[in-house]
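Following: one structure in structure tokens, then a few remarks.
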Amino acid sequence: MFDIHPATPADAGEVFTLQRAAFVDEAQAYGDPFVLPLTESLDRVERFLGRPDALVLKAVAGHRLVGAVRGAVTGTTGVVSRLAVVPDLRGWGIARALLGRVEEALRERVPALAALTLFTGAQSARDQRLYRDLGYAETHRERVADHLVMVHMRKELVPADRDGGGVPERGATV
């Protein structure tokens, strides 16, 4: 079991370490040790977590950080990024739970949220499957390097004022 909570600047070191552990296999798959989550410095993670508008959620099992995700809002679109789960616990529903909670948190911030967007690598079939299962659809692909194509995905949302009350309360059975 794991719990999900907002991350704070005090979590920066663990979030930084988690990112590096979670994205190293992706870097190997693409033959690129410079994927953004691996090149982000601890100082940058600390600064991001210290921003008043920052939204970073962490999944914790006991005293161990096992997952994290970032969210932001641009207009009426939520942007999901840096979804990371420790390699030894992939497949346990942590990523799915984090994505659900970041959507809830973004909708709480902007009740008229119209959509969520994210991107992943074209070779990351497992990630793309998860996102499709959760209602995301591919919008376009972007070649960012000779060896790297990013798949951009979007999930349309029903605004909270039109879906019968919005996001269920925390702890509510869905």
Exercise. With respect to R70, is the statement that it is loosely packed, with under 15 Cβ neighbours inside 10 Å and basic (K, R) true?
Worked result: no
Problem set entry | Extreme residue, farthest from D127 (Cα to Cα), among residues of the range 73-87 that are over 10 Å from the mean Cα position of the chain (by Cα) and surrounded by fewer than 21 Cβ atoms within 10 Å (Cβ to Cβ) | G75
Problem set entry | Failed criterion for Q123 (all others in (1) in contact (Cβ under 8 Å) with a residue 40 or more places away in the chain; (2) in a loop (DSSP other than H, G, I, E, B); (3) over 22 Å from R20 (Cβ atoms) hold) | (3)
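Matching residues to (1) modelled with pLDDT of 95 or more; (2) touching an Asp or Glu at 6+ places or on another chain (Cβ under 7 Å):
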site	(1), (2)
F48	no, no
V60	yes, yes
R70	yes, no
V73	no, no
E104	yes, no
Seminar exercise, completed: Residue hits (the range 120-137; surrounded by 15 or more Cβ atoms within 10 Å (Cβ to Cβ) and at pLDDT 95 or above) are L130, Y131, L134, Y136
For this session: Please list, ordered by first then second residue, the pairs with beta carbon atoms under 7 Å, 6 or more apart or interchain, first in the range 103-120 and within 21 Å of H5 (Cα to Cα), second among the small types (G, A, S) and in a helix (DSSP H, G or I).
Result: R107/A160; P111/A160
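Given the structure, is R90 closer than 20 Å to T120 by Cβ, among the charged types (D, E, K, R) and surrounded by fewer than 16 Cβ atoms within 10 Å (Cβ to Cβ)? Step through it out loud before you land on a result.
Numbers: closer than 20 Å to T120 by Cβ: yes; among the charged types (D, E, K, R): yes; surrounded by fewer than 16 Cβ atoms within 10 Å (Cβ to Cβ): yes.
Considered against the rule, which asks whether it is closer than 20 Å to T120 by Cβ, among the charged types (D, E, K, R) and surrounded by fewer than 16 Cβ atoms within 10 Å (Cβ to Cβ), R90 comes out as yes.
Criterion first (touching a helix residue (DSSP H, G or I) at 6+ places or on another chain (Cβ under 8 Å), surrounded by fewer than 16 Cβ atoms within 10 Å (Cβ to Cβ), at pLDDT below 95 and of a type in the set (G, A, S)) does A112 satisfy it? Break it down into steps so the answer makes sense when it comes.
Numbers: touching a helix residue (DSSP H, G or I) at 6+ places or on another chain (Cβ under 8 Å): yes; surrounded by fewer than 16 Cβ atoms within 10 Å (Cβ to Cβ): yes; at pLDDT below 95: yes; of a type in the set (G, A, S): yes.
Criteria met by A112.
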Exercise. Within the bounds of the range 113-122, is there any residue that is touching a strand residue (DSSP E or B) at 6+ places or on another chain (Cβ under 8 Å) and more than 18 Å from G135 (Cβ to Cβ)?
Worked result: yes
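Does A10 count as more than 15 Å from the chain's Cα centre (by Cα) and either surrounded by 19 or more Cβ atoms within 10 Å (Cβ to Cβ) or under 21 Å from G91 (Cα atoms) (or both)?
Values: more than 15 Å from the chain's Cα centre (by Cα): yes; either surrounded by 19 or more Cβ atoms within 10 Å (Cβ to Cβ) or under 21 Å from G91 (Cα atoms) (or both): no.
For A10, the condition - more than 15 Å from the chain's Cα centre (by Cα) and either surrounded by 19 or more Cβ atoms within 10 Å (Cβ to Cβ) or under 21 Å from G91 (Cα atoms) (or both) - is not met.
Let me confirm something: among R82, R129, R109, R51, which residue is out of contact with any Phe, Trp or Tyr (no Cβ under 8 Å at 6 or more places or on another chain), within 15 Å of L157 (Cα to Cα) and basic (K, R)?
Working: R82 fails: within 15 Å of L157 (Cα to Cα); R129 fails: within 15 Å of L157 (Cα to Cα); R51 fails: within 15 Å of L157 (Cα to Cα).
Result: R109 is the single residue among R82, R129, R109, R51 that is out of contact with any Phe, Trp or Tyr (no Cβ under 8 Å at 6 or more places or on another chain), within 15 Å of L157 (Cα to Cα) and basic (K, R).
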Problem set entry | Index of the failed condition, G165 passing every other in (1) on the phi < 0 side of the Ramachandran plot; (2) at pLDDT below 95 | (1)
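Output the number of residues of the range 1-29 satisfying the condition of being out of contact with any Leu (no Cβ under 9 Å at 6 or more places or on another chain) and modelled with pLDDT of 95 or more. Show your work before the answer.
Kept after step one, since they are out of contact with any Leu (no Cβ under 9 Å at 6 or more places or on another chain), are these residues of the range 1-29: 1, 3, 21, 25, 28-29.
Filter once more, so that each one left must be modelled with pLDDT of 95 or more: 3.
The total comes to 1.
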For this session: State whether the residues of the range 48-63 include one that is surrounded by 18 or more Cβ atoms within 10 Å (Cβ to Cβ) and under 19 Å from V151 (Cβ atoms).
Result: no
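The values are calculated or read from the model by the stated rules, or taken from the named source; none is laboratory data. This structure is a prediction, so every number in the text was calculated from the model and none was measured. FYI the Cβ positions are ideal-geometry reconstructions off the backbone, even for glycines, and counts take in every protein chain you see.
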